[in-house]
Structures are given as C-alpha cells and as structure tokens.
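To keep things clear, I will list the structure first and then write my remarks on it.
The values are calculated or read from the model by the stated rules, or taken from the named source; none is laboratory data. Being a predicted model, the structure only gives us computed values, none of them experimental. Here the Cβ is made from the backbone with ideal geometry for all residues, glycine too, and neighbour counts use every protein chain on show. Ligands, DNA and RNA are stripped out before the accessible areas are found, and what is left, the full protein with its side chains, is counted by its heavy atoms. Shrake-Rupley method; radii C 1.70, N 1.55, O 1.52, S 1.80 Å.
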4 protein chains.
Amino acid sequence: MGRTRTYQWDDPAILAEAAGRMAGVDFLRALQTGQLPGPPVNHTLDFTLDEVRPGRVVFSLIPGEEHYNPIGSVHGGIFATLLDSAAGAAVHSTLPLGMAYTSLDLTVKFLRRITVDTGPVRAIGTVVNSGRQTALAQAQLLDATDRLLAHATSSCMLFPVPAAQG
Amino acid sequence: MGRTRTYQWDDPAILAEAAGRMAGVDFLRALQTGQLPGPPVNHTLDFTLDEVRPGRVVFSLIPGEEHYNPIGSVHGGIFATLLDSAAGAAVHSTLPLGMAYTSLDLTVKFLRRITVDTGPVRAIGTVVNSGRQTALAQAQLLDATDRLLAHATSSCMLFPVPAAQG
Amino acid sequence: MGRTRTYQWDDPAILAEAAGRMAGVDFLRALQTGQLPGPPVNHTLDFTLDEVRPGRVVFSLIPGEEHYNPIGSVHGGIFATLLDSAAGAAVHSTLPLGMAYTSLDLTVKFLRRITVDTGPVRAIGTVVNSGRQTALAQAQLLDATDRLLAHATSSCMLFPVPAAQG
Amino acid sequence: MGRTRTYQWDDPAILAEAAGRMAGVDFLRALQTGQLPGPPVNHTLDFTLDEVRPGRVVFSLIPGEEHYNPIGSVHGGIFATLLDSAAGAAVHSTLPLGMAYTSLDLTVKFLRRITVDTGPVRAIGTVVNSGRQTALAQAQLLDATDRLLAHATSSCMLFPVPAAQG
C-alpha cells in the first residue's frame, strides 16, 4: 500500500539570476527569510535554511520515511545533500558581489545510522580556510542533543561571476 | 508561480526485512525487476536501478528542475546520492546471505556541471577491493555519451546480519 | 654536487611489542619523553612527537631540502605523513590497554605551498568522534604564526589487541 | 642498538627550473632515465620512478624497517607519498610545455598492512579526468602479485607556468 506526497517549487532561474547580482550573505539571507523562493532541491528533500552569517550556515531536516534506503535507514545521500548544502553555503556566505563558487568535492563520514526515530537533524557548515582561488569548508550533522551523526569536508573553487550576469 | 509533483512509495520495513533474508545479488535483482518495491528515496529523487550483477550495479536518473540548487544546476547531493547508491549496492551485490553492510564514507569529485540539458545520467558502481571486514567501491557518473560527470569512492563495513533478522 | 645525510633508528619490534601492553596515552608519552625510542619513520623524515594528551597529539617538523618534490616545494606526502601520524596518534591516545587501531583512510587538503622558507610546521591531531568500532580524527598543519597549511581527516578501525600480545 | 643509513641528493632548484621549461612527459622521462637527478624526497624514502607515458606513471619502493611506524608496519604516510607521486606525475605527464599543476588533495584508502615481508610495491598513477582548470587522477598500490594494497585519488589544479620561468 503506497504513501503519497505532493510538493511545489519555483522556477530556479529566478535564483540563479539573483545569485549573480548579490553578495553571498545577502543572497542566502534572502533565501532564509523567504524574500527569495527556496531552491527546488530543498522542497524535494524537505529541508530548510535556518541560519546565515558570514562563514557559518545552518540547514535542518526532519528525517522521514520518504528518505529511506532499501536497508532500513535514511539514505546517506540525503544527509550528504544537507552537508554539501551547508558547506557550500558557508563558502558562499563569505563571497562579495561579483564572486561565485562551485564545489569541487565532498567527503562525508557516516558516523551513526539515522532513522525516523533520530528526530530533527541540522547541518552546520563553517569555512575552514579561504584562499584566492579555493576555499575549504566543513559541515557537521547533529541531532537535537548535539550528537555528531556525520561529518563532511568540501573544497570549492572561487571565480568571478561571468560578465553577462554582472 | 509554483510547479507541482506528486509521488508515492511503499513501506520501507518490507525491504529491510527482505534484505536480511536474501543474498545481496538476489535482493538487488528483486528490486530491479520490481518483485520488491523500490526504496522510498528512489521515488523521492526519481531514480531507478537498471542493472545488477555481482560486483557491478547501475542506477540512472533524468535531471529535472526539482533537483536544482540555488545557483542554477543540479545539486551535487543528488548525484552524490546516486553515486552512493551505486557504490553501496555494488558492495551489497557481492554479499552472501547472512552478511550486511553499512557505508563508512563517501568521497565525491564533481567534474562537470549538470543541468536539465545534460540529459539522462547513469551511475556505475563497481567493487575495487573486498576484505573480510571492509570493502572499497567506486562509482562513475556518466552522461549518454559516456562523458565522466562525477566520480566517487566509498568504504563499507561488512558484518553478519543481526540474529533476530536471520 | 650531492648533499648527504646520515641518520639512525632503533629496532621497531621493541615499539610494536610495547604498544600491545600499554594504554595508548602511556605508550605515546613514553615515545614523547624518550623512554621508548622514536619510530623509524620519524628519523627518516626527521619529525618529532611534541605533545600528548588524551584525544590531542602534536607532531612537528622543520621542512628541509631533503623533503622536496621535483617541482620546487616540500612533497605533499611528507606532510600527509605528519598529518596521518597526528590523526592516528590522537585516536591511539584515547584507547585503553587491550585496544589497538589501524587507519582506514586519510584525506588531505593541501592549502598552501610549503618550502624551506615556511619554517617549522606542526600537525595537531584531535579526535572528532569515537565509536565502538571506528573513530574519526582530524589534523591541522600550522606554521609558526598559526596559518593553516593543510587539513586532514582520517577514519580508524578499533579492535582488541590480539591475545598473544596481551 | 641503532641502525644507520646514509644517502645523498642533489640541489632541487635544478629540477624546479627544468620543470618550467619542458613538457611534462619529457621532464618525467628525463627523471626516469637519470638525465635529470631524482628529487630529494625519492632519495629520502628510497623510491624510484620506473615508467612514464602520457597519462600513466609508475613508482616503486621496497618497504624497509626505516619506513616503520610505532605499531609494527610501514607508516601509511610512506605509501601516501608514493601514491601522491604517482597521481601527481600522471597528471604532469599530460601537461604541455607552459602548463604546471599543484595537488589540491589526496584521499588514500589503506587496504592491507604493509611490512618488510610484503616485498616490492609499485604505485600506478592514471588520469581519470582532465579538464581545463583541474584534473583528477587515481593511483593503485600493488604488490608483486598485483594484490591491491592501497588506493588513492587526487585532484590537481592546472595553471600556466609563471612567465619568469617560461
């Protein structure tokens, strides 16, 4: 017997265009406060952007049955997505107007099994190092009691926003 | 103006129970042929298990707008999920009845930007090394022309299925 | 015209035997104070163990010409070795008598070029998470002004010391 | 009672200068054939460059007591160095005159314990993907029977050789 979910999202082109003409921290705050619509993937996986400050960003998610893998727990890719979001957004939050980033890699360590019984989890992304061409961020996945569930690092490449979008 | 998607999934407890009483390759083939229902996460992200043989598994996905991040492309976590599935299932496909696995880590290298224009992508997972307690798998994400879009490695821990499920 | 270096080390069997009959922190402190001889690799690369406390260990090295790669800087493997030592020893420092560890992986991010002009560097290893079967450690490589030069994470597997050594 | 080793190396500035005015594959072949002196680190760890062709490079080492960690086996950093050399040189072997590279990261999976009984090991580096700004390489560490002992991936950043060296 199937379970059903229906959700909505907005045209992501609006976001990509806004990202090109705002400083990172302003763009992320506009996402967090709802001035800009949430990105589609946030609706698909049902996670939210909760906190933004320069160099530190927090996302959260309530593990649900729709996130399950075939072996009885939340799929690691779900929290990889949350951790990648947190790490990338932490880097983004430090970028001035005119600079953009792309993730080069993501290394996730899965430390504890996550199920619907785990309750709400949050991913805290912070910038570890910021260079001229690359930045290194890390992200921690914590439960409501601050137990570490997973850990990630991500390297991002930094580059000027292509001129046409300036 | 929002876009809408509705999807369904089945009780994941059915799968977790079946996983405990089948050899890995038989379990995965039952998923692939539809004898067992697809895991919830496959429905949430809309990806499918296409091929299964011992030590090699293929998943595929058609990138859609619902997979987009805030900066105009498919979120890296989406293909991290596909790559993690492929790597984990490749390991699972080598396990005899009575053995289970859990992923310890996932390292993804993002090589090319993926958008709706990329077209269908597939993740091919293969086992690189298989030990007594751990196994190492890799996964490649390819487009329809076999261009490499992303690459992942994942270490899994192997352990006997807990007796109660046997 | 060649440059020459001569160094000495002690039989490593002494160390492996001692490691099996001491708590981790005691073993590491005996290495640090010189009660036990330094491991051969420390002499080969000329690095030292400077600080030990449960969950945190510091190694240091003075970059020299003998550490150079073909492209004019210290070979990344040299500081990978230092970072791996720091991460592994941090885990070791938390293990009671009767428990041992082995490194499953090492992920190093190279953040800055290191040359003989960099001056002394130190690798600070700390335990990020400690489970029943695995532990996660990280290590930071810093120069004398605490600038981050490189960053590493390492997962270790924990297991009982084989009985014969007990 | 200590054991002693004496070794020599050449001024690494010769190499760095040569690297700037040769295509990668020519530079590596000059290292392999001895037209250019081996880099200092090769002498310190006693490993050699055995094979070079575009996109594939092989290094080898005979594990010795001087490579030992405190727990009775070859230090993981030693083969991390070999694997990093193989991965980096594989990328270098594909670069035309005027292009240089630097390693951004190294991820090593330690699959088997290595001791003096392991016998000669070789690290085979190959290029997995080559982009405009970055390249991804992998390296396998094998024993004389082709058993996989360790596996690594490394991302490199590519850039034009600074003009003064051209």
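Need pairs with beta-carbon distance below 7 Å; first residue under 25 Å from D:L141 (Cβ atoms) and within the stretch B:124-153, second open to solvent by 40 Å² or more (accessible area, probe 1.4 Å) and not in a strand (DSSP E or B); sequence gap 6+ or separate chains.
Within 7 Å, the pairs are B:V127/B:T94; B:N129/D:L111; B:S130/B:T94; B:G131/D:L111; B:L136/D:L111; B:L148/B:L111; B:A150/B:L111; B:H151/B:L111.
Name the residue, out of C:G34, C:G55, that is on the phi > 0 side of the Ramachandran plot, of a type outside the set (K, R) and without any contact (Cβ under 8 Å) to a residue 24 or more places away in the chain.
C:G34
Exactly one of these conditions fails for B:T107: (1) β-branched (V, I, T); (2) within 7 Å of another protein chain (Cβ to nearest Cβ); (3) over 15 Å from B:A139 (Cα atoms). Give me its number.
(3)
For the subset of the stretch C:20-36 comprising residues that are at pLDDT 95 or above and touching a strand residue (DSSP E or B) at 6+ places or on another chain (Cβ under 8 Å), which member is nearest to C:Y101 (Cα to Cα)?
C:G24
Could you name every one of the strands (runs of 3 or more DSSP E) located completely within the stretch A:1-82 that has at least 1 residues being open to solvent by 20 Å² or more (accessible area, probe 1.4 Å), within 7 Å of another protein chain (Cβ to nearest Cβ) and of a type outside the set (D, E, K, R)?
The qualifying strands (runs of 3 or more DSSP E) are A:3-9.
Taking the stretch B:83-92 on its own, how many of its residues are more than 10 Å from chain A (Cβ to nearest Cβ) and either open to solvent by 20 Å² or more (accessible area, probe 1.4 Å) or touching a Cys at 6+ places or on another chain (Cβ under 7 Å) (or both)?
1
Looking at B:L111, B:L106, B:L149, B:L142, can you tell me which residue is within 26 Å of B:L15 (Cβ to Cβ) and not charged (D, E, K, R)?
B:L106
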